[in-house]
Amino acid sequence: MARKKINGECEMEEEGEEMREDLESRESTEIGADLTIEDLPGVGAATAEKLQAAGFDTLMAVAVATPGELTDIGGVSEPTARKMIQFAREKLKMGFISGDELLKKRELVEKIRTGSEALDKLLGGGLETGAITEAFGEFGSGKTQIAHLLCVRCQLLSPENVAVFIDTENTFRPERIVQLAKGAGLDPEQALRNIKVARAYNSDHQMLLAEKIDELIKKGLKVKLVVVDSLTAHFRAEFIGRGTLADRQQKLNKHMHALMKLADTYNLVVYVTNQVMAKPDVFFGDPTQAIGGHIVAHASTFRIYLRKGKKGSRVAKLVDSPALPEGEAAFYVEADGLRDI
Ligand code: GTP
Ligand code: MG
């Protein structure tokens, strides 16, 4: 139902629809995929609609959720949430894919290098395809600069690579791309042609743009990078006050799922930026935390905390990653790119 509504709202073209059918038929060959969320225990039509609206539109989405994420949508008790997750996991016979198959999948992973050796090393060689990397930090910490840099440097992997930049704060600057392209030894005109920028005017628009990216890919663009800068600003501005928190988190969850699906389906890099807010109850350490709470944290594969360092430098700290040690890298942001210290 939710899917129909989305199609109606964005008037998706025929080919987008065909693509969805492709994806669906692929999913339906998996065990248990003929079941829908309405088959979950304790889920009637009303709850199914809420689940769908929050992005939990397949058994898989429920199977990988936490009970807290499901109770957040409202009208679902914690024991019911646990039962739903348990049921979805059993039906999908999840979790078993042989190690060698996984290794083969990992061999397809590409990495966009940042040009700073220290930062690349911290990230295990660069930003990985098939994953979401989140950069969070205060204003001026370098989140948007790195976004520009990645748009250019993803083109070093292949000259056909295209970057999609969803700009929510009107901070995309083509002039900056020209400088960075020269720094990377690329033709600035060509570099600019390979970047598709869309201004997002509110959170719904932002979500819609993300959902339309597979149409671009279907049209033949080799999208290797999707930037959302900033991921959370619209959500933060539109959902004010405690009463709206659950709604905000649901929409953010849906958005993150759409981005994860893109990263996974098309083996591309998703880079999102996130602001921080003051955490008044912290007396030791850094009193800031990322917006978006556990939804964003949980959905991001890699999380980088950026802050201003000494003498105008920037310091990146890897705070979350599946297989890399936590650590820090310092560098300067310069006209033609990042420079190690
Ligand atoms: P918010 O979006 O406000 O949260 O901040 P942000 O983390 O996105 O900051 P951004 O990436 O825009 O960083 C801005 C900083 O980058 C500026 O304060 C400059 O210090 C630096 N910067 C931007 N352009 C240049 C440049 O061409 N040369 C140099 N040396 N520094 C630059
Ligand atoms: Mg910015």
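Every number here is computed from the coordinates shown, using simple stated rules; none is lab data. Owing to the predicted nature of the structure, the values given are computational and were not obtained by experimental measurement. All Cβ positions, even for glycine, are placed from backbone atoms using ideal geometry, and neighbour counts span all protein chains on display.
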Rounded to the nearest Å, the spacing of the alpha-carbon centers of region 46-85 and region 235-249 is 19
Size-normalised alpha-carbon gyration radius of the chain, reference 2.2 N^0.38 Å:
1.00
Here are some pairs, LYS254/LYS308; LYS182/LYS224; LYS196/LYS254; LYS121/LYS224; LYS83/LYS222; LYS121/LYS182; which of them have Cα atoms lying more than 30 Å apart in this structure?
LYS254/LYS308; LYS83/LYS222
Using r as the Cβ-Cβ distance of THR288 and ASN267, and R0 as 22 Å, what FRET efficiency do you calculate, to the nearest 0.05?
0.10
Working out 0.36 nm times the residue gap between GLU175 and GLU328, then minus their Cα-Cα distance, what length gain in nm do you get to one decimal?
52.1 nm
Which of the lysines could a cross-linker bridge to LYS251, judged by Cα under 19 Å and excluding same-chain residues fewer than eight apart?
LYS4, LYS5, LYS50, LYS212, LYS261
In sequence order, what are the phi-derived ³J(HN,Hα) couplings for region 212-223 according to the Karplus relation 6.51 cos²θ - 1.76 cosθ + 1.60 with θ = phi - 60°, rounded to whole Hz, with x for glycine and proline?
8, 5, 5, 5, 4, 5, 4, 6, x, 6, 8, 6
Neighbour net charge for ASP320 - beta-carbon separation under 12 angstrom, K R +1, D E -1
0
Quick check: net charge around THR168, other residues with Cβ under 13 Å of its Cβ, Lys/Arg +1 and Asp/Glu -1?
-2
Could you state the principal axis extents of the C-alpha atoms in region 37-126, from the largest down, to the nearest angstrom?
52, 29, 19
Given 127-138, 247-258, 102-113, 172-183, the highest-first ranking by average Cβ count within 10 Å works out to 127-138, 247-258, 172-183, 102-113
What is the sum of charges, Lys and Arg at +1 and Asp and Glu at -1, for the other residues whose Cβ falls under 13 Å from the Cβ of CYS154?
+3
By how many degrees, between 0 and 90 and to the nearest 10, does the Cα long axis of helix 245-266 differ from the longest principal axis of the chain?
70
Fraction in percent of alpha-carbon pairs per bin - 5 Å, region 195-341
2, 8, 15, 19, 19, 17, 13, 6, 2, 0, 0
Regarding region 165-238, what's the average projected area of the Cα-atom convex hull, expressed in nm²?
5.2
